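Chemist: This structure is in structure tokens; I'll ask about it shortly.
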Amino acid sequence: MCGAAPFLCRAACSAPFESGGECAAAEYCRPEPGPSGFTSSQPRSSCVPSECTLDDACTPDQECAEIDASAGTCLPTCTYSWSTGAAYSDNCGDAGDTTLYCQPVGAPGAPTLACLPWRSDSDGGLAGDLCDPIAAPCRERDPLTNDALGLTCDGGVCRRLCDGVAPVCGIDTCCPVRDRDNQVVYSICRPSC
């Protein structure tokens with residue numbers, strides 16, 4: 001397939017930001033915007049060269065998301081919070097015409113919380129619905145109140161991000177997700193930890 005700039009023919013792949021052997025060593029699978037941005041009902045992805053390793057520094061507002069042992073990508077870092085009134089907010093916002101949303105990416109044991117492009121033709125799933133971080137992301141806002149929901153795709157299911165303080169998990173538990181150094185990267189509502 002012919003990827004986005006620089007316009008080079010690249011191998012197509014089907015699992016963006018996941019390790020799985022579709023791409024060569026030192027490459028990763030990156031989603032490609034269509035002519036109208038990230039709106040295609042069949043998202044396109046291609047294998048691109050690694051942008052970083054864990055030891056490399058990305059720009060100050062980005063983090064190196066390790067996709068596998070030989071490839072990583074610089075992505076905008078997502079930080080989120082819940083107010084005492086249980087209102088969710090994050091720093092993703094918009095990048096030009098593209099809405100960004102908070103999504104965990106990276107290899108098992110090396111999670112990164114990043115701002116990814118939202119598919120503008122997707123309504124998104126609600127808590128408990130099946131999802132895919134690129135092809136079928138979770139709903140960003142409540143359709144009735146327009147309040148931010150704090151949902152993200154976790155293992156193919158829409159779940160709420162949490163902080164262990166605000167009571168947003170209902171009957172679920174706020175489970176910390178840790179990196180290799182046992183540092184909490186983010187927390188998410190799950191039936192059990």
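Chemist: Do we find that E22 is acidic (D, E), in a strand (DSSP E or B), touching a strand residue (DSSP E or B) at 6+ places or on another chain (Cβ under 9 Å) and modelled with pLDDT of 80 or more in this structure?
Modeler: On the way: acidic (D, E): yes; in a strand (DSSP E or B): no; touching a strand residue (DSSP E or B) at 6+ places or on another chain (Cβ under 9 Å): yes; modelled with pLDDT of 80 or more: yes.
No, not satisfied.
Chemist: Based on this model, can you work out whether C29 counts as at pLDDT 90 or above, of a type outside the set (D, E) and assigned to a strand (DSSP E or B)? Before the answer, list the steps.
Modeler: Working: at pLDDT 90 or above: no; of a type outside the set (D, E): yes; assigned to a strand (DSSP E or B): yes.
The answer is no for C29.
Chemist: Continuing with this model, one more query. Within the set of pairs 6+ apart or on separate chains, which have a first residue in region 8-31 that is of a type in the set (S, T, Y), a second that is assigned to a loop (DSSP other than H, G, I, E, B) and at pLDDT 85 or above, and C-beta atoms under 7 Å apart?
Modeler: Y28/S50
Chemist: In region 71-107, how many residues are surrounded by fewer than 14 Cβ atoms within 10 Å (Cβ to Cβ) and either modelled with pLDDT under 80 or at positive phi (or both)?
Modeler: 8
Chemist: Let me ask you something else. So in region 33-70, with the set limited to residues that are surrounded by 18 or more Cβ atoms within 10 Å (Cβ to Cβ), in a strand (DSSP E or B) and small (G, A, S), which one is modelled with the highest pLDDT?
Modeler: Filtering region 33-70 for residues that are surrounded by 18 or more Cβ atoms within 10 Å (Cβ to Cβ), in a strand (DSSP E or B) and small (G, A, S), the one modelled with the highest pLDDT comes out as A65.
Chemist: Let me ask something else. Give me the pairs, please: first residue somewhere in region 142-162 and in contact (Cβ under 8 Å) with a residue 60 or more places away in the chain and part of a loop (DSSP other than H, G, I, E, B), second residue anywhere and hydroxyl-bearing (S, T, Y) and buried (at least 23 other Cβ atoms within 10 Å of the Cβ), beta-carbon distance under 7 Å, and either six or more positions apart or on two chains.
Modeler: Note: no pairs meet the criteria.
Chemist: Given the conditions (1) out of contact with any Phe, Trp or Tyr (no Cβ under 6 Å at 6 or more places or on another chain); (2) hydrophobic (A, V, I, L, M, F, W, C); (3) at pLDDT below 85, which single one is not true for C138?
Modeler: Failed condition: (3).
The values are calculated or read from the model by the stated rules, or taken from the named source; none is laboratory data. Since the model is a prediction, treat every value here as computed from it, not as a measurement. Cβ: placed from backbone, ideal geometry, glycine included. Neighbour counts: every protein chain shown.
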